[in-house]
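**Student:** Structure provided below as structure tokens; questions to follow.
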Amino acid sequence: MTAPARPLRLSTADADFEARFQQRLHWSADTDAAIEQRVADILADVKARGDAAVLEYTRRFDGLAADTVADLELTQADFQQAFDSLPAEQRDALRAAAARVRSYHEAQKKASGESWTYRDADGTLLGQKVTPLDRVGIYVPGGKAAYPSSLLMNAIPAHVAGVQDIIMVVPTPAKGSVATGGAGTEAATRGERNVLVLAAAYVAGVTRAFTVGGAQAVAALAYGTASIPAVDKITGPGNAYVAAAKRRVFGTVGIDMIAGPSEILVLADGSTPADWVAMDLFSQAEHDELAQSILLCPDAVYIDAVQEAIDRLLPQMPRADIIAASLNGRGALIHTRSMDEACAISNRIAPEHLEVSSHEPHRWEPMLKHAGAIFLGAYTSESLGDYCAGPNHVLPTSGTARFSSPLGVYDFQKRSSLIEVSQAGAQALGGIASVLAHGEGLQAHARAAEMRMRSE
């Protein structure tokens, strides 16, 4: 029997609100020391032994035996075969989702991802050159479930940005397996290739793919092996082992972000059916026990209705135990004095997903500064953003939306400054640079600028 779900009830009018609110928000991103040491050992071993280490860890942690890494590589024919084998409904859904994601990121590229230059009055050219990364690695989770949507959200913006080589690594989820705790993937007697993931790779334009997961996959992408090419950046979510590995290889390669548990914050004015809001809270809680679902609302009667909907709908959910654990451990239903106060609290939380479940969402949207993605109006469920609305679903978590952004085309591009100083410009700029360089004690800098100035 499923345990009841009782998110913490809070009111901003309570004297102890602040302390209880902060306690509910707290989540530690510290990685277990044993995981860190295991990951460090795996990274060092893959860096030293390459393919041999990848094969050993894939056999040990994934239960997938292979003689060579070539046996772990998926081909374009595998992708197309997987796509062709799907029911028409799934093929159409993949194509439609991919088209919307691609359209959004193409618009993003036009808005912010093009090179530009201008010349000032003395003819000096200044500007910025935007170029794509040469090769990126995409980690697609596969230990407990398969996520074709994650593949689309990582591969398509890379493709739109102009990346030529998109290398996918994906553990092969095992039916009936149990986690070993080794490198963060799951043990099995054989690997199970998920058809939807392979079909998504076909639709999204993945270049190469390997059935390798865990810290060893991150190491192979970062350092390169005889069979798996080194990349310039690694994106995509994973468990604690993958996150620890990404953190350690940053600097050798770029990474997107270190993601924490999934989050949803619903700002409700009481006009949306309570069942809808309850299910939206479930949609994040079902990810795992550490996911966080919070409701902010100025209507206490409506909050009661949402709790009643939670009680009624929870037994219908296949992942009811996970939802209950998440809501009981990290969920909250918060009664605010007003929607204005709810917006202010939302900015403090800086949630990954923010739903403005109101009959006038555009009234409140200008007040919302910090969120990974903002979903406006009662009909805009967060789940649509996860799969097919178009904007990227790889979003900052754990309050990092205060200073970081969703994954996008810009994550797969780099920018080089362009400077072409004219002869006339060298006369004006040279004097400025000379004074500042002498002030810093860098005489060669000063002389280099002075040599280009006309002598009187």
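Computed from the coordinates by the stated procedures, all read-outs in this text should not be read as laboratory data. Everything numeric in this text was worked out from a predicted model, so none of it was measured. Here the Cβ is made from the backbone with ideal geometry for all residues, glycine too, and neighbour counts use every protein chain on show.
**Student:** Rounded to whole Hz and in sequence order, give me ³J(HN,Hα) for the stretch 393-405 from the Karplus expression 6.51 cos²θ - 1.76 cosθ + 1.60, θ = phi - 60°, writing x for Gly and Pro.
**Tutor:** 9, 7, 10, x, 10, 6, x, 6, 5, 5, 9, 9, 10
**Student:** Separate question: Residue-wise, which Karplus ³J(HN,Hα) couplings in Hz belong to the stretch 150-157, taking 6.51 cos²θ - 1.76 cosθ + 1.60, θ = phi - 60°, and x for glycine or proline?
**Tutor:** Couplings: 5, 4, 4, 5, 8, 6, 5, x Hz.
**Student:** With a cut-off of at most 14 other beta carbons within 10 Å, and DSSP calling the residue loop, which GluC sites (Glu not before Pro) in the stretch 68-164 qualify? Please list them.
**Tutor:** Values: sites: E73, E89, E106, E114; in loops: E114.
Within the stretch 68-164, the qualifying GluC sites (Glu not before Pro) (loop, at most 14 other Cβ atoms within 10 Å) are E114.
**Student:** Let me ask another. If each DSSP helix of 4+ residues adds -39,500 (n - 2.57) and the sum is divided by the residues in the chain, what number results at 222 nm, nearest 500 deg cm²/dmol?
**Tutor:** Dividing the helical sum by the residues of the chain leaves -13500 deg cm²/dmol.
**Student:** Right, here's the next one. Could you tell me which chymotrypsin sites (Phe, Trp or Tyr not before Pro) in the stretch 401-456 are loop residues by DSSP with no more than 13 other beta carbons within 10 angstrom of their beta carbon?
**Tutor:** F403
**Student:** Once the Cβ-Cβ distance between R9 and R247 is put in as r, and R0 is 45 Å, what FRET efficiency do you end up with, to the nearest 0.05?
**Tutor:** 0.80
**Student:** Name the residues whose placed amide hydrogens come within less than 5 Å of the amide hydrogen of F210, ignoring near sequence neighbours (fewer than 5 apart) on the same chain.
**Tutor:** The list, which skips near neighbours in sequence, is L74, M168, V169, V170.
**Student:** Any chance you could count the Lys pairs in the chain whose alpha carbons are under 23 Å apart, treating pairs 8 or more apart or on different chains as valid?
**Tutor:** 16
**Student:** Which GluC sites (Glu not before Pro) from the stretch 377-441 combine a DSSP loop assignment with at most 10 other Cβ atoms within 10 Å?
**Tutor:** none
**Student:** Within the chain, which is the longest segment that contains none of the trypsin sites (Lys or Arg not before Pro) sitting in a DSSP loop with at most 10 other Cβ atoms within 10 Å?
**Tutor:** 176-453
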